[in-house]
């Protein structure tokens with residue numbers, strides 16, 4: 001998260017409950033509202049697929065996770081080689097490696113975002 005991003009009040013509760021109930025998950029992300037200036041001035045949404053197969057397909061065209069929203073399973077991330085410090089697309093490459101290894105992944109499908117992202 002950046003300094004101007006704001007987690008919704010129940011974000012961590014939702015994600016932690018999901019992780020505790022599904023410890024095999026490598027990545028748990030969610031939806032984001034974007035704002036400009038004031039946090040209540042929503043200017044857009046960053047919607048990502050929620051189901052595993054949809055995420056596996058979506059990665060072919062763009063990042064299937066909103067990076068500031070993710071919780072990561074450390075064991076899975078280390079297993080795929082962690083972040084590669086190549087200076088370009090580190091997040092996308094990490095998601096790709098996790099998906100290639102067929103780790104279970106998920107984006108929460110709650111209608112409300114789990115994060116408000118400053119642009």
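The values are calculated or read from the model by the stated rules, or taken from the named source; none is laboratory data. All figures in this text were calculated on a predicted structure; none of them were measured in a lab. All Cβ positions, even for glycine, are placed from backbone atoms using ideal geometry, and neighbour counts span all protein chains on display.
Within region 63-90, the only residue that satisfies the criterion of being out of contact with any strand residue (DSSP E or B) (no Cβ under 9 Å at 6 or more places or on another chain), part of a helix (DSSP H, G or I) and at pLDDT below 90 is 90. The residue that is nearest to the chain's Cα centre (by Cα), among those in region 44-61 that are part of a loop (DSSP other than H, G, I, E, B) and over 15 Å from residue 100 (Cα atoms), is 48. Select from region 1-40 the residues that are in a loop (DSSP other than H, G, I, E, B) and under 21 Å from residue 98 (Cβ atoms) and write down the one among them that is modelled with the lowest pLDDT. The selected residue is 1. Whenever a residue of region 82-111 is at positive phi and exposed (fewer than 14 other Cβ atoms within 10 Å of the Cβ), it has no partner that is assigned to a loop (DSSP other than H, G, I, E, B) and at pLDDT below 85 lying with C-beta atoms less than 9 angstrom away and at least six residues away or across chains.
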